[in-house]
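Colleague: Handing you this structure, nothing more for now.
The values are calculated or read from the model by the stated rules, or taken from the named source; none is laboratory data. Remember, it's a predicted structure, so these values are computed and weren't measured experimentally. Virtual Cβ from ideal backbone geometry, glycine too; neighbours counted across all protein chains shown. We work out accessible area using only protein heavy atoms, side chains counted, and drop any ligands, DNA or RNA first. Shrake-Rupley method; radii C 1.70, N 1.55, O 1.52, S 1.80 Å.
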Amino acid sequence: MTNEPDTSTWKQTPDGIAVPPPSPDDVLYEAADGVARITLNRPIVLNAINKNVIRLLDRALDRAENDDDVRAVILTGAGRAFSAGGDLWSSLYPDDDPAPSSIDVMMRIWSFGKPVIAAVRGHAVGQGCELAGVCDLTVASKDARLGEIQIRHGFGVPVLITPFLVGQKLAKEVLLLGEVVGAQDALRMGLVNRVVPDAELDDAADEMARKLAALPPSVVRLNKRLVNLVYEQMGLSDAVGYRDHEALRELLDAEDQVGAGRQRVREEQGWSAFKRERDRGYDEGGASG
């Protein structure tokens with residue numbers, strides 16, 4: 001008897017790596033004692049984010065929002081990672097069903113009426129790093145690795161939250177170098193609030209959520225809104241919507257030959273060759289996303 005999934009019907013990358021199809025269980029939801037736990041549940045692909053995940057995450061937020069007993073939310077990932085970011089193989093399973101954009105869902109978390117805690121273990125890179133960033137509080141295990149590695153792919157910034165978390169110099173370090181940093185460096189930079197031993201991550205997030213759930217909810221909501229208001233007055237909403245800036249149109253529309261070449265490698269040769277090309281000059285020990 002084995003717990004290994006049957007991958008015989010799964011589609012594969014050009015180098016033969018099986019990629020799971022979308023599932024109604026790609027995001028899990030449970031609630032108890034005033035706390036909702038939302039779990040990204042694609043552990044085989046390190047909880048890579050596709051339209052189905054975004055759709056289900058939005059529905060999970062609906063459940064938490066509409067449940068008066070829920071006072072706080074924990075967002076985490078199943079398996080050994082929080083999220084490896086955007087799913088670069090989502091085209092294997094075309095999805096034309098309606099779904100909100102990832103920006104809309106992430107900014108919904110930013111402005112959500114109940115506090116949201118990210119519990120991060122393993123990799124939180126690309127959109128995964130940003131997803132942790134838009135949460136109100138982020139607890140990371142000692143094995144956590146965070147970074148905005150999409151520049152290595154030739155992609156722009158999906159959700160421009162990092163400059164508001166870490167400050168100008170560190171934001172340029174994160175977004176221009178595309179490095180992945182360990183939990184203690186992420187704490188120093190302001191990407192996370194606390195670092196705990198790996199085995200204590202869930203308990204630490206639960207303890208924080210229970211404290212929030214025990215507080216007067218209207219005051220928690222007000223104080224979250226006040227802190228958010230400061231950053232919105234600093235231009236956060238305008239920055240997140242940078243794709244609508246006409247002054248950036250030339251840069252946004254420009255084709256990057258290096259990035260395009262890397263995507264051709266991925267499409268023609270597969271994941272392994274793409275990672276080698278993407279990570280030349282880096283030593284990240286298998287960073288994904």
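Colleague: To the nearest 0.05, how large is the calculated FRET efficiency for D198 and D68 if R₀ is 30 Å and r is the Cβ-Cβ distance?
Modeller: 0.30
Colleague: Which value, in debye to the nearest 20, describes the size of the charge dipole of the stretch 76-128 about its Cα centre when Lys and Arg Cβ atoms bear +1, Asp and Glu Cβ atoms bear -1, and nothing else is charged?
Modeller: On the way: 4 positive and 5 negative charges, 92 e Å.
Computed about the Cα centre, the dipole is about 440 debye.
Colleague: By per-residue mean of other Cβ atoms within 10 Å, what is the highest-first order of 274-283, 85-94?
Modeller: Going by the mean number of other Cβ atoms within 10 Å, highest first, we get 85-94, 274-283.
Colleague: Using only the Cα atoms, work out Rg/Rh for the stretch 123-281, with Rh taken as the Kirkwood radius, to two decimals.
Modeller: Details: Rg = 18.1 Å, Rh = 17.7 Å.
Rg divided by Rh gives 1.03.
Colleague: Charges on Cβ only, +1 for Lys and Arg, -1 for Asp and Glu, centred on the Cα centroid of the chain; of P43, V174, S83, which one is farthest towards the dipole's positive end?
Modeller: Among P43, V174, S83, the one farthest towards the positive end of the dipole of the chain is V174.
Colleague: May I ask for the distance between the Cα centers of the stretch 212-289 and the stretch 74-141, given as a whole number of Å?
Modeller: One Cα centre to the other: 11 Å.
Colleague: So what is the accessible area of the chain per residue, in Å², with the probe set to 1.4 Å? Numbers along the way, then the final one.
Modeller: Working: 14480 Å² over 289 residues.
About 50 Å² of surface per residue is accessible.
Colleague: If packing is taken as the average number of other Cβ atoms within 10 Å across a peptide's residues, how do 119-125, 101-107 rank, most packed first?
Modeller: Details: 119-125: 28.3, 101-107: 18.0.
Highest mean packing first, the order is 119-125, 101-107.
Colleague: Multiply the residue gap between L215 and A18 by 0.36 nm, knock off their C-alpha separation, and tell me the result in nm, one decimal place.
Modeller: Working it through step by step, the gained length comes to 66.3 nm.
Colleague: Using a 7 Å offset from the Cα along the Cα-to-Cβ direction at both L92 and D283, what is the distance between the two label points in nm, to one decimal?
Modeller: Going from the L92 label point to the D283 one covers 3.1 nm.
Colleague: Explain nothing, just the number: dipole magnitude of the chain about its Cα centre with +1 on each Lys and Arg Cβ and -1 on each Asp and Glu Cβ, in debye rounded to the nearest 20. Walk me through the numbers on the way to the answer.
Modeller: Values: 33 positive and 45 negative charges, 120 e Å.
My answer is approximately 580 debye.
Colleague: Two-decimal Rg/Rh of the stretch 35-119 from alpha-carbon positions, Kirkwood Rh? Working shown, then result.
Modeller: Working: Rg = 13.0 Å, Rh = 13.4 Å.
Result for the stretch 35-119 is an Rg/Rh of 0.97.
Colleague: Still on this structure: Between I74 and residues 5 or more places away or on another chain, which pairs have amide H atoms under 5 Å apart, with H built 1.01 Å from N, and which residues are they?
Modeller: Those lying under 5 Å, H to H, from I74 are A36, R37, I38, I117.
Colleague: Another one. With no solvent and one point per C-alpha, what does the Debye sum give as log10 I(q)/I(0) for the stretch 214-289 at q = 0.13, 0.20 Å⁻¹?
Modeller: For the stretch 214-289 at q = 0.13, 0.20 Å⁻¹, log10 I(q)/I(0) is -0.74, -0.90.
Colleague: With the Cα gyration tensor of the stretch 97-149 in hand, give its eigenvalues times 5 under a square root as the equivalent ellipsoid semi-axes, listed largest first in whole angstrom.
Modeller: 21, 15, 8
Colleague: Turning to a different aspect of this structure: Over the stretch 203-281, with every protein chain in place, what whole percent of the accessible area is carbon and sulfur at 1.4 Å, could you tell me?
Modeller: The value for the stretch 203-281 is 53 percent carbon and sulfur by accessible area.
Colleague: If N is the number of residues in the stretch 30-175, what value comes out of its Cα radius of gyration divided by 2.2 N^0.38 Å?
Modeller: Cα Rg divided by the expected 2.2 N^0.38 Å: 1.01.
Colleague: How far is it, in nm, from the label point at Y231 to the one at E255 when both lie 7 Å from their Cα along the line to the Cβ?
Modeller: Label at Y231, label at E255, 3.6 nm between them.
Colleague: Report, in deg cm²/dmol and to the nearest 500, the calculated mean residue ellipticity at 222 nm for the chain, where each DSSP H run with n ≥ 4 adds -39500 (n - 2.57) and the sum is divided by the residue count.
Modeller: Working: 13 runs with 122 residues, N = 289.
After summing the helix terms and dividing by the residues of the chain, the value is -12000 deg cm²/dmol.
Colleague: If you average 1/r across every pair of different Cα atoms in the chain and take the reciprocal, what Kirkwood value do you get, in Å?
Modeller: 19.6 Å
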